[in-house]
Amino acid sequence: MKSIVCEQPNQLKKVESKKPIPQAGEALIRIQRIGICGTDIHAYGGNQPFFTYPRVLGHELSGYIEFIPPNELGLKADDQVSIIPYMECGKCIACRNGKTNCCTDMKVLGVHIEGGMSEWITVPYTHLVRAEGLTLDQAAMVEPLSIGAHAVRRAEIQQGEFVLVIGAGPIGLGVMAFAKDQGAKVIAMDVNNERLVFASEWAKVDYTLNVLDNPFDKLVELTNGEMPTIVFDATGNVKSMIEAFNYSAHGGKLIYVGLVKADISFNDPEFHKRELTLMGSRNATLEDFHYVVDTLKCKKVDLNRYITHRAKFDQLIEQFEDWLTPEANVIKAIVEV
């Protein structure tokens, strides 16, 4: 079978290997769609935490079951599925408490172990989510949207409260859409005005702010001086993540959705004065995947504009670098296998 490997930073290579053979408890999936995400881009650029080379990338995946053993989930050959790419140990304290998304020995497809940028992949059948009723494109986008859905669930949003989402990339846009679905008054913040226009039209956010245009004073004005009670940072940018502390209301919550390979510092007296709750949001759980599948089936999220670029599998290597330039205006790219 054909696979695409990131051999070292800034180097992708197509390779031939044997079709995988499923082991006990595993299903064989014929991959049809592969989403390209920030993790793939950071790995390609050499700045992805917890990453080693060479590695087959790809964890936003959809396809068809080619083989599956008898199972309690009712899954069968030829079912269309999304793949949960987080391989948890099932034994650690996080797993025992139902937080498989932050397992102490997490292995993520395309990061710690080989991913799905291949014609076939084997995964535990427990990590498959039936995606009948969705398009293959939609099924591949369940994973990135689930990350935003998980962050929103962590935040426990109340109807009508002000929520600030910093970063209008694919994950931030998902956070915005699901925060709106929970009844929040959503403020989108980014450095790119085109992204802010997209957030307004696609995620139906209530307000947009450019980071370069005095956002603090505008937040004061929008919230009558109280500031947003929930702030999500989905940038993966150190400066933004530190600045986010300044935008939170007293008694509010700051949730880091984006990941950065750096230390984050903050002013402790200001943090204590506000009794701020600082949270990390990592990956997603089966519950989040099901929520996103149901949301897509109800047509609450339109992916026609969310997916802006696509390539055939054999064209990916030659197109990949073009997608990295700001001029490309990529929101989400997808690969057809």
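Picking from L136, V111, I93, whose Cα lies most toward the positive end of the charge dipole for the stretch 77-200 (charges on Cβ: Lys, Arg +1; Asp, Glu -1)? After comparing all options, I get I93. Picking from P70, Q8, I41, whose Cα lies most toward the positive end of the charge dipole for the stretch 1-91 (charges on Cβ: Lys, Arg +1; Asp, Glu -1)? The residue sitting most towards the positive pole is Q8. Separation of the alpha carbons by more than 25 angstrom is noted, of K19/K312; K14/K297; K91/K299; K107/K253; K180/K218; K107/K299, for K14/K297; K91/K299; K107/K253; K107/K299.
In plain terms, the C-alpha convex hull of the stretch 1-126 casts an average shadow of 7.8 nm² when viewed from every direction. Ordering 102-113, 212-223, 50-61, 135-146 by mean Cβ neighbour count within 10 Å, with the highest value first, yields 135-146, 50-61, 102-113, 212-223. Summing charges over all other residues whose Cβ lies under 14 Å from the Cβ of D314, with Lys and Arg as +1 and Asp and Glu as -1, gives +1. Computed from point charges on the beta carbon alone (+1 for Lys and Arg, -1 for Asp and Glu), the dipole magnitude for the chain about its Cα centre is near 560 Debye.
In this simple spin-label model, placing a label point 7 Å from the Cα along the Cα-to-Cβ direction at both C298 and N47 gives a separation of 3.8 nm.
Counting neighbouring Cβ atoms within 10 Å and putting the fewest first, the residues E287, E318 line up as E318, E287. Here's how it looks for E60: its modeled amide H is under 5 Å from those of G35, which are all 5 or more places away or on a different chain. Report, to the nearest 10°, how far helix 136-155 tilts away from the longest principal axis of the Cα atoms in the chain, using its own Cα long axis and a range of 0 to 90°. Approximately 40 degrees, to the nearest 10. Relative to the current alpha-carbon distance between K2 and E321, full extension at 0.36 nm per residue lengthens the span by 112.8 nm. Quick check on the stretch 148-280: take the gyration tensor over C-alpha atoms, sort the square-rooted eigenvalues as a ≥ b ≥ c, and tell me if it's rounded (a/c under 1.5), prolate or oblate. It is rounded, given that a/c, with a ≥ b ≥ c, falls under 1.5. Could you tell me the calculated FRET efficiency between D314 and L278, based on Cβ-Cβ distance and R0 = 45 angstrom, to the nearest 0.05? It comes out at approximately 0.50.
Of the beta bridges in the chain, as assigned by DSSP with both residues counted there, near 55 percent are antiparallel. Summing charges over neighbours of V111, with a neighbour being any other residue whose Cβ is under 15 Å away from its Cβ, gives -2 when K and R count +1 and D and E count -1. In terms of packing, defined here as the mean over residues of other Cβ atoms within 10 angstrom, the peptides 199-210, 225-236, 67-78 line up highest first as 225-236, 199-210, 67-78. Fewest neighbouring Cβ atoms within 10 Å first, the residues I171, I331, I29 line up as I331, I171, I29. Only Lys, Arg, Asp and Glu carry charge here, each on its Cβ (+1 for the first two, -1 for the last two); on that basis the stretch 156-213 has a dipole of about 60 debye about its Cα centre. Shape class for the stretch 125-217: prolate, because the ratio a/c of the largest to smallest gyration tensor axis (alpha-carbon atoms, square roots of eigenvalues) is 1.5 or more and a/b beats b/c. Taking a sphere under 13 Å around the Cβ of D268 and counting the other residues whose Cβ falls inside, with K and R at +1 and D and E at -1, yields a net charge of 0. Close amide H contacts of F232 (hydrogens built in the peptide plane, cut-off under 5 Å, sequence separation of 5 or more or a different chain): L164, V165, I166, I255. Let me have the 222 nm mean residue ellipticity of the chain computed from DSSP H runs of 4+ only, each contributing -39500 (n - 2.57), with the sum over all residues rounded to the nearest 500. Per the formula, -8000 deg cm²/dmol.
Quick note: the coordinates plus some simple rules give every number you see, no bench work behind them. Every value quoted in this text rests on a predicted model; they were computed, and no experiment measured them. When we count neighbours, we look across all protein chains shown, and the Cβ atoms used for this are built from the backbone with ideal geometry, even at glycine.
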